[in-house]
Structures are given as C-alpha cells and as structure tokens.
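To keep things clear, I will list the structure first and then write my remarks on it.
All of the numbers you see were taken from the coordinates with simple rules; none came from a lab. All of these numbers come straight from a predicted model, not from anything done at the bench. Ideal geometry is used to build each Cβ from the backbone, glycine not excepted, and the neighbour counts take in all protein chains shown.
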C-alpha cells in the first residue's frame with residue numbers, strides 16, 4: 001500500500017469520527033446564559049478535524065505516491081498485538097495475573113529470540129528472566145504500591 | 001523559609017530522597033537505552049503517583065526527567081547512538097572523544113555539563129517562578145484561554161513536520177480532553193455509555209498507549225535481537241579542575257540558551273541542544289576542535305538539555321501551561337493529586353512549591369552522584385537487546401495502567417490508542433501535541449466558557465484588555481511563522497520536483 005492510500009484511509013477514518021462526534025453533541029442544550037454549551041467545543045473540534053482532513057486529503061491526492069507504507073516484521077507486530085489482547089482477556093476473565101504474566105513474558109521472549117537458534121540454554125534464560133521480572137512486579141506492586149493484581 | 005525547615009521530618013525527607021533516587025535511576029536507564037527515552041520513562045513512572053504523596057510523585061517524575069536528559073548522552077558517547085533526540089549533538093564530539101581519549105572523560109564532560117545546566121535551570125525556576133506567578137494573578141480567564149492557545153499553536157508550529165497533521169493532532173487531543181462529564185453543567189459527553197469515561201479518559205492509559213505501546217510496536221518493526229557491543233574500559237567519570245574550568249564558558253552559554261528555550265512552549269531540548277552547540281562553537285577559543293572530540297562540544301548541549309527542564313517548569317508552575325509532552329505527563333501527577341498548577345497554587349500551596357524547588361536542586365545534585373557511581377552500570381545495560389526490553393515494557397505498562405484506576409477498560413483504550421499511534425506516527429502525526437492538547441483542554445475550555453458567561457456572551461472580552469492584546473499579538477506572530485514555514489516548504493518541494501524532472 002502507498003503512503004498516499006494510507007493517508008487517505010486515515011483522513012476518511014477521521015472524517016467518520018468527526019461526523020459521529022457532531023451527531024453525538026448536536027442535541028446537547030445550552031443551559032446557562034452567555035455560555036456556548038457543553039457540545040460547543042467537541043462540535044467545533046469535529047468540524048475542524050473534518051475540514052483539515054478534507055484539506056489533507058486534497059493535498060494527498062495532488063501529491064505523489066510518497067513511497068510504500070509497509071512495516072518490516074509486520075507479522076511480528078500483529079502477533080504481539082494479538083498476544084497482548086489474549087493476555088488482557090485471560091487476565092480479565094481468569095485472574096491468575098502473576099502466572100499469566102510469567103507465561104506472557106516467557107512466550108514473547110521465546111518468540112522474539114527463536115531466530116537466534118533454538119536451544120535449551122535459550123529456554124532456560126528466557127524462563128529465568130521471565131521469572132525474575134514477574135517476581136519484581138509481585139514484590140513492587142504487592143508490597144510497595146499495594147495494588148491487588 | 002525557617003518555618004519550612006522546622007516542619008520537615010526525617011521520614012518525609014527519606015521518602016522524598018527515595019522517590020528522587022527511583023526517578024533518577026529509571027530516567028538514566030531509559031534515557032540511556034536507545035529507542036526508549038524520557039517520555040516513556042516518565043510515562044511508566046506516572047502510575048506510581050497513585051501510591052505516593054503529591055510531593056514525592058512530582059519529585060520522582062522531575063528526577064526522571066533530569067536523569068533521562070543525562071542518560072541520553074550515555075549511549076550517544078559510548079555507542080554513537082543518541083538515546084534521546086536531544087542527545088544527537090552530544091554524539092558528534094562525545095563519540096570522537098570516546099574513541100581518541102577515553103569514554104569516561106567524555107561522559108564526565110556530559111555529567112558535569114548536565115549538573116551545571118540542571119542547577120542553572122533550577123535557579124532560573126526559583127528566582128523567576130514567584131514573580132511570574134505574581135504577575136499571572138493579574139491575568140483573568142480570557143488571558144488564560146489565549147495562553148493555552150499559544151501553547152497549542154507553538155507545539156503545532158515549531159514541533160511538527162506537517163502543519164495540517166499537527167493541527168489535526170492538536171484537535172484530536174482537545175477532543176479527547178472533552179470526553180466525560182462537563183465540569184460546567186454535569187452533562188456527559190462522548191462517553192458512549194461507558195461509566196469508566198465519566199471522569200474523562202485516563203491520562204495514564206492515554207500516555208502509556210500513545211508513547212509506550214506505540215514505541216514498542218516501532219521497536220518490533222526493526223531488528224530486535226541486535227546486541228550492541230563496546231569496549232567497557234576507561235570508564236572513570238572524572239575531570240581535572242582545569243578541564244572543568246575549560247568548559248565553564250560553554251556550560252554557561254548552554255545553560256542560558258537551555259533555560260530560555262525551555263520557557264518557550266513547543267521548542268524543547270532538541271532545538272536548545274543544537275543552538276547551544278552552535279553557540280559554544282561560535283564563542284570557543286578552539287572552534288576547530290568541535291566535531292573532533294571537544295569537551296566544550298559535549299558540555300554545552302548537555303548543560304542546555306538539563307537547563308531546559310527548569311525553564312520548562314517555569315510556565316507550568318507559574319501559569320499552569322505545560323509547554324511540552326513530558327511536562328504534560330508530569331502535570332498528570334498534579335491532576336492525580338487534585339492540584340491545579342498555576343498562580344493560585346503558588347499562592348495557596350507555598351510549602352509544596354518550596355519542596356519542589358528544593359527537591360529539584362536535590363535532584364540535580366543526586367544526578368551528579370548517581371551518574372558518578374552508576375554510569376558504568378547504565379553503560380552495561382546498553383547491551384540488553386530489545387527482545388528482552390519489549391515484553392518487560394509491555395508488562396510494566398499494563399500493570400501501570402491497571403494500578404491507576406483498576407479498570408480493564410483503560411487497558412483496552414491504551415491498546416487501541418497504541419495501535420492507532422503506531423500508524424499515525426509513521427504518517428507524521430504528532431502524539432506529543434495530542435497529549436499536550438488533552439492536558440490543556442480543561443484550562444482552555446473552562447477559561448473560554450467562564451469568560452463568556454461573565455461577559456454575557458460578549459466576545460470582545462477576549463481582546464479588550466491590554467494583556468489579551470499582547471497575547472493575541474503573539475498568536476498572530478506564531479501563525480505568521482507557520483505560514484512562512486509552510487510557504488518555504490512548498491517552495492522547496494517544488495524546487496526538488498523541478499530538479500527531479502530536469503535530471504530525468
């Protein structure tokens with residue numbers, strides 16, 4: 001995908017967001033004399049975003065392709081986002097935070113470091129570092145910050 | 001002042017010292033590690049504010065800010081890779097000195113410069129904050145509204161690559177700041193029925209999502225198993241008196257430039273660092289040494305870096321207007337503690353201000369000693385590959401967000417914003433402008449609406465007083481600069497296109 005296409009997609013998304021905001025605040029009444037009302041600023045900003053998105057879109061159409069909008073290692077980023085989402089869901093619904101934290105860390109360490117060549121040493125190092133970080137989190141947040149994770 | 005000292009107790013001092021040390025350690029470490037840096041360090045420490053007293057959390061974040069400014073120089077000197085954008089000019093001479101003389105001496109110039117700049121910036125803050133705040137008491141809602149607009153315009157104009165996208169970033173940030181119950185009427189806005197949004201978007205979740213998550217995704221888009229290597233000897237961090245005095249002039253000029261640039265919203269350390277480097281070169285007796293391992297070339301930008309911190313705090317503490325994203329995140333600690341920075345705070349909480357002033361100076365001195373003692377440790381931390389850092393940052397980010405309010409909703413918000421910021425950063429949108437705008441929203445909206453209510457809807461209130469007129473002149477000036485910059489960029493791109501056509 002070209003940078004121009006990506007720019008246009010983002011401008012379109014911003015335009016949709018602006019329209020949703022304008023609709024959401026359009027019926028908020030003004031209750032104080034002299035006041036512009038609760039909906040004025042969000043509405044004004046949504047119009048501003050809409051206008052500048054339009055301007056940006058015209059500029060993007062007139063400009064060249066601008067090169068390719070891609071990311072190296074895109075798969076790795078997407079998998080990581082998926083793993084974070086999975087971790088959040090499991091934390092929310094299962095609730096064994098520290099066990100899940102260890103598994104999350106160990107899983108990601110192993111996934112990221114796998115290209116270095118799989119070995120028992122790599123797995124032991126990953127498990128050790130994951131356990132160390134989990135322990136640090138446990139001590140810090142349980143005994144110093146007093147957060148029930 | 002004597003009353004202040006008599007009110008101090010050892011426990012308070014001990015906890016403040018520990019907070020400063022924690023902030024310095026995290027700041028130096030995150031500043032040193034390439035790709036992380038100041039904002040992520042401050043962002044990850046912010047959730048701890050919920051479990052600390054206001055003074056301790058503010059001092060911790062300020063210490064992190066100071067520490068990261070020095071920490072950025074460590075990787076610039078040892079690896080030639082600036083840990084932060086501000087440390088880029090330091091790499092020029094720092095790396096050369098590390099190669100030709102010793103990395104320890106280059107690091108010492110950096111540390112001495114940082115400490116001098118930090119103290120200088122602190123003194124600027126101490127001597128000017130109270131008079132500025134006293135003057136600010138004469139300002140009313142229209143002026144505060146206009147000052148907020150100045151801050152936003154400056155960020156959009158000076159700190160961004162693309163003006164249109166910077167304006168959209170600012171508008172999105174302001175929009176994000178309006179989410180929740182309206183302080184005037186109690187009407188809920190843009191909450192989509194989620195009770196978690198009634199108090200507004202959680203600043204910790206927003207900052208972590210925008211800065212930490214998006215940076216992690218950036219790191220994942222590059223090689224993450226790359227381990228840096230260097231020769232870890234000659235790391236004694238010391239200068240002779242003669243060497244230190246030789247760099248004094250550069251430190252003074254760097255500190256002056258840094259303090260001044262720090263006060264201006266949207267300018268920040270990166271610009272002040274380069275200006276200090278050029279200034280030191282122009283006034284040096286040995287300008288030919290610059291770029292070849294000059295101590296002055298290291299000390300001046302480092303002094304400017306740290307002097308910027310004191311300068312940047314001045315408008316924030318005195319007027320309540322943060323001028324950069326890092327200060328906006330530090331503002332989060334004030335918001336969490338229910339304190340509104342500005343002239344009223346200076347008048348109503350003199351003890352807090354005194355603690356911040358004294359703590360700020362203690363932070364700088366602490367940075368010197370911690371830098372002397374632990375720089376070797378931070379140098380060794382540079383070998384940590386991102387494959388270990390990324391998951392560790394993710395976990396600490398998620399715990400930080402959850403510990404702020406205990407809502408899973410905030411974690412999902414942060415993840416969503418992180419993904420969006422990862423895409424938008426690569427398209428030159430400014431997430432720093434977004435956060436700054438979000439933090440400024442209450443000041444801007446409240447001042448604007450209160451002024452209108454008081455004037456019964458008469459807009460002339462925004463330009464009827466001399467103070468408003470001066471601020472409006474500044475706004476016009478900033479807009480003129482933005483216009484000139486845009487026209488110049490347009491002309492350059494047309495020239496480049498013409499050249500391209502001619503060569504093809």
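Each Cα pair under 8 Å and six or more residues apart adds its separation to the average, and for segment B:7-87 the resulting relative contact order is 39 percent. Contact order, relative form, for segment A:3-62: 45 percent (alpha carbon pairs under 8 Å, 6 or more residues apart, mean separation divided by residue count).
With the convex hull drawn around the C-alpha atoms of segment B:68-174, the volume per residue stands at 121 Å³. Averaged over the residues of peptide B:169-175, the number of Cβ atoms from other protein chains lying within 10 Å of each residue's Cβ is 6.
Inter-part distance, segment B:326-404 to segment B:17-90, computed on C-alpha centroids, equals 7 Å. Name the shape class, rounded, prolate or oblate, that the alpha-carbon gyration tensor gives for chain B, where a ≥ b ≥ c are the square roots of its eigenvalues, rounded holds for a/c under 1.5, and otherwise prolate holds if a/b is larger than b/c and oblate otherwise. Rounded, since a/c falls under 1.5. A Förster radius of 22 Å, combined with the Cβ-Cβ distance separating residue B:485 from residue B:99, puts the computed FRET efficiency at roughly 0.05.
Across segment B:241-301, Cα-Cα pairs farther apart than 13 Å form 56% of the total.
When the convex hull of its Cα atoms is viewed from all sides, segment B:345-504 shows a mean projected area of 19.0 nm². Working from Cα pairs under 8 Å separated by at least six residues, relative contact order for chain A is 22 percent. Computed over all pairs of different Cα atoms, the Kirkwood value for the hydrodynamic radius of segment A:74-144 is 13.1 Å. What does the C-alpha gyration tensor say about the overall shape of segment B:384-463? Classify as rounded when a/c is under 1.5, otherwise prolate if a/b is larger than b/c, or oblate. The shape class here is prolate. Three principal axis extents of chain A based on alpha-carbon atoms, in descending order, are 66, 48, 24 Å.
Any idea what log10 I(q)/I(0) is at q = 0.17, 0.24, 0.30 Å⁻¹ for segment B:148-208, Debye with uniform C-alpha scatterers and no solvent? So the normalised log intensities are -0.68, -0.96, -1.14. The order of B:215, B:69, going from fewest to most other C-beta atoms within 10 Å of their C-beta, is B:215, B:69. Here the translational diffusion coefficient of segment A:3-62 follows from Stokes-Einstein with Rh set to the Kirkwood radius across Cα pairs; for 25 °C and 0.890 mPa s it amounts to 197 µm²/s.
By the helix-only formula, in which each DSSP H run with n ≥ 4 contributes -39500 (n - 2.57) and the sum is divided by residues, the protein assembly as shown has a 222 nm mean residue ellipticity of -24500 deg cm²/dmol. Report, to the nearest 10°, how far helix A:120-139 tilts away from the longest principal axis of the Cα atoms in chain A, using its own Cα long axis and a range of 0 to 90°. For helix A:120-139, the angle is close to 60 degrees. Here residue A:94 and residue B:242 are evaluated by their C-beta separation; at R0 = 45 Å the FRET efficiency comes out at 0.10. Look at the Cα gyration tensor of the protein assembly as shown: its axes a ≥ b ≥ c give a/c under 1.5, and that counts as rounded. Mean per-residue shielding of peptide A:48-61 is 3, counting Cβ atoms of other chains within 10 Å of each Cβ. Peptides B:429-438, A:2-11 ordered by packing proxy, namely the average of other Cβ atoms within 10 Å per residue, highest first: B:429-438, A:2-11.
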